[in-house]
Structures are given as structure tokens and as C-alpha cells.
Amino acid sequence: MISTSSILAAIDAAEAEVGTRLFDRFPAKGIRITPAGARFIAAATRMLVAENEFARATGDISTRLPKPLRIGCFGPLGTLLMPHLLRRFTTGEPATEIILMEGDQNDLRNWLVAGEIEFAVLYEGEIIASFSPTPICRIPPHVAMSTEDPLAGEPAVHLDDIARRPLVLLDQPETAPQLLAIFRIFAEMPPISFRARTYGAALAAVAEGFGVSILNLKPLSRLDTDHSSVVRKPIFEELPAAKLVVADLYGEEKPAFLCDFIEVFREYVREIGPTGFSITMPERREGLLLT
């Protein structure tokens, strides 16, 4: 971890180099970026991207699997998907250290720009729209509820009925506002009883009776939090589906290892089919595969 004194010394050196203040300092209150500082950071970000692209263009990574292999993913996917998928991808490869960095869309964008990860697996969104996203599949939302809920025996549930129950919100910066917007459009706003940053915590809260939760990806391996006291139900209304993508900075000239990963990912979702990764009405399964 970089010390505070080292960070301040670097700021002082940068300000001396450019001849102006990049940050205003406020005793006991921290620092605030100046307009000149904002321009400096924007220029530095562009330089880092260019340096990263140069290294990728000249390095010997077009055919080799990087060691270690640094991958980013949307937080919940780290538990639901990535270990199983990466096991399939690395089967037959020499021993490879995998560094999986889980975060929200802002984290993933920053890690891609800084070259800290080779690619990211996440849901499509505005933040990563410029990062050459490769579509894999579409995943409609479904409901997780207690087996004691009166609706637990129904084949599917209406959004209006869900809105009358306390909501356990998977509180991720980009997906939570989209979910709440769905309620505003299609039904009334439910009372939020529990906010969780991880999929496992949200599911555990449902199991403990805090309310229902709206989720997307069906777990591809058993979770400790997937209690027998929780059931998953499709939603009658046809709501916007999340699009699962692989994002990178390579554009059209992807290295071989990334092309191989994308193909393994696509083969996997084709193999398990929509019933393997989603919970939705049977008539909506067609069109979920995008490969």
C-alpha cells in the first residue's frame, strides 16, 4: 500500500513540474482537485491508455496466455460464474495463476484503462460502452423469495405482487438504479428492507425473511446461501434483460487467448442453454443466446 506521505510527495513533484496547483489542500478536511488538476489527470489517463496499447501491440501476448492472468468481473459474477468458467478455460493449460478482480462498473472501467486487467466480464452498460464489448447472452430478471411466501407455489409472479413486499436490494451502483426504475415504470415502489452489496448477502437476507429480491443470473454452481428456504420464480411481465458481455481494450485485434476465452464462454452458455443460466417464462427463452 502506498503511504500518504508518498502520495503527497508525488503531488508536490507534479505541481512543481507543471508550475501550478493540481489540488487545493484543506487542513483536517483533505484535498480537492483544481480545474488544472482535472486536465492533468485526463491527459495522464490518455497517456496511460496509449502506453498500454503500445505494450499490447509490441508484446508477445498475441498467442500466449498471460501469466498471471488478470481478469475483472462484475462483483456477483465472481461467485456465480467465474471460477467454473475459468476452470473450463484453463483445462489443459500449463499452471497459470489467475487474479480475479471483482468490482462494480466504475472499478472495471478504471482497471481496464490502467491496464490492470486484460478483460472484464460484466453486464453491458453506458460506463463500458466504449470498451469493445462482446455479447454472450441476455439474462432476464427473476424473483428470489422465501418458501413461506404465499406466492412460492405459483409458477410465476406479477411485478405488482412483488412491489407489495419488502425488497432486498442488490445495491450495485449501476444495476440498482435500473432495477428501481423498472418498479417506477411497471409498478409501485416497494419498501426497501435490506441493502446488500453482494449476491450471497442478498440471498441470505431473503432466506432470513427480510423480503424478496430481484436477481438476474442463475447460479452455475451451488452456493452456501442457496438455502432450501429460498425459491426462484420467473416474472410474468417482460422486463428488460441484462446483457452479459466481455469488455476489453483490444478492439478488433484481440489476442488469441482472449478469442479462445470468448469462444469457451459462448460454447458454455450454448451447452447449458437458457434454462442453465436464467429463470424466465418458457416462451421467452428463445433469443437469450446471442452467439
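Numerical summary
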read-out: Residue among Pro68, Pro166, Pro240 with the largest mean-square fluctuation in a Gaussian network model of the chain, springs linking Cα atoms under 10 Å; value: Pro68
read-out: Fraction of accessible area attributable to carbon and sulfur, the chain (%, probe 1.4 Å); value: 54 percent
read-out: Summed side-chain charge close to Val168 - residues other than Val168 whose Cβ falls under 14 Å, Lys, Arg +1, Asp, Glu -1; value: +1
read-out: Accessible surface, per residue, of the chain when the full set of protein chains is kept, probe 1.4 Å, Å²; value: 52 Å²
read-out: Sequence-distant residues sharing a close amide H with Ile192 (under 5 Å, placed H); value: Leu167
read-out: Size-normalised alpha-carbon gyration radius of the range 198-291, reference 2.2 N^0.38 Å; value: 1.31
read-out: Mean residue ellipticity (222 nm) of the chain, computed from DSSP H runs ≥ 4 via -39,500 (n - 2.57), nearest 500; value: -11000 deg cm²/dmol
read-out: For the range 89-217, average projected area of the Cα convex hull in nm²; value: 10.3 nm²
read-out: Degrees between helix 175-186 axis and first principal axis of the chain (Cα, 0 to 90, nearest 10); value: 40 degrees
read-out: Gaussian network model of the chain, Cα within-10 Å springs - most flexible of Lys67, Lys254, Lys243; value: Lys67
read-out: The chain, relative contact order in percent, only Cα pairs under 8 angstrom and at least six apart counted; value: 23 percent
read-out: Lysine pairs in the chain with Cα atoms under 27 Å, if 8 or more residues apart or on separate chains; value: 5
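The values are calculated or read from the model by the stated rules, or taken from the named source; none is laboratory data. Nothing here was measured: the structure is a model prediction, and the numbers come from that model. So basically every Cβ, Gly included, is an ideal-geometry build from the backbone, and we count neighbours across all protein chains shown. Keep in mind that these areas ignore ligands, DNA and RNA; they rest on the heavy atoms of the full protein, side chains included. Shrake-Rupley method; radii C 1.70, N 1.55, O 1.52, S 1.80 Å.
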